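First up is the structure itself, then whatever we jot down about it.
The values are calculated or read from the model by the stated rules, or taken from the named source; none is laboratory data. What you see is a predicted model, and the numbers here were worked out from it, not measured in a lab. Don't worry about glycine lacking a Cβ; one is built from the backbone with ideal geometry, like all the others, and counts go over all protein chains shown. Only protein heavy atoms, including side chains, enter the accessible area calculation; ligands, DNA and RNA are left aside. Shrake-Rupley method; radii C 1.70, N 1.55, O 1.52, S 1.80 Å.
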Amino acid sequence: MQLLDHVSITVRNLSRVRAFYLAAMAALGARVAYDRGDALGFGDRNCANDDVHTYLSVFESIAAKPDPRRHWCFRSASTAQVDAFHSAGVANGGTSAGAPGRRDYHPGYYAAFLLDPEGNKIEAVFHHAAPHI
């Protein structure tokens, strides 16, 4: 079951985070759906004949504030994609909140965590990492 259809992240200053999200989402292969003054959109919207997608919006909002217990996790296609996500985010104003590597959630869990320039936490995960030998 794919639980989420679409989600939104809010930021106080979109121009401050734009390069970060463009780079991090590109590293995961997410296409830019739109890029306008007050919002960025990534992915593909669902429709009646094609409903297997997830869509992300990053909106500018004066009420936005990060919460240390909240994060958004994005699927990746490989460990290399997780590594690229982390590198791209750090290179574009983000802060590492957990270097790429295995986590204890299950044996194949390989992930990296970033804070965007406003402190929102995002993660990339690959669930099929080869076991350690």
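For the stretch 15-37, filtered to residues that are open to solvent by 60 Å² or more (accessible area, probe 1.4 Å) and without any contact (Cβ under 8 Å) to a residue 12 or more places away in the chain, the residue that is nearest to the chain's Cα centre (by Cα) is Val32. Comparison of Ala91, Ala64, Ala84 shows that the only residue that is over 21 Å from Asp5 (Cβ atoms), small (Gly, Ala, Ser) and in contact with a Lys or Arg (Cβ under 9 Å, 6 or more places away or on another chain) is Ala64.
Taken over the stretch 79-109, the residue count meeting the criterion of being within 24 Å of Pro131 (Cβ to Cβ), open to solvent by 40 Å² or more (accessible area, probe 1.4 Å) and assigned to a strand (DSSP E or B) is 3. In the stretch 45-74, the residues that are in a strand (DSSP E or B) form Cβ pairs under 9 Å with partners that are open to solvent by 90 Å² or more (accessible area, probe 1.4 Å) and at pLDDT 95 or above, at six or more places apart or across chains, as follows: Glu60/Arg12.
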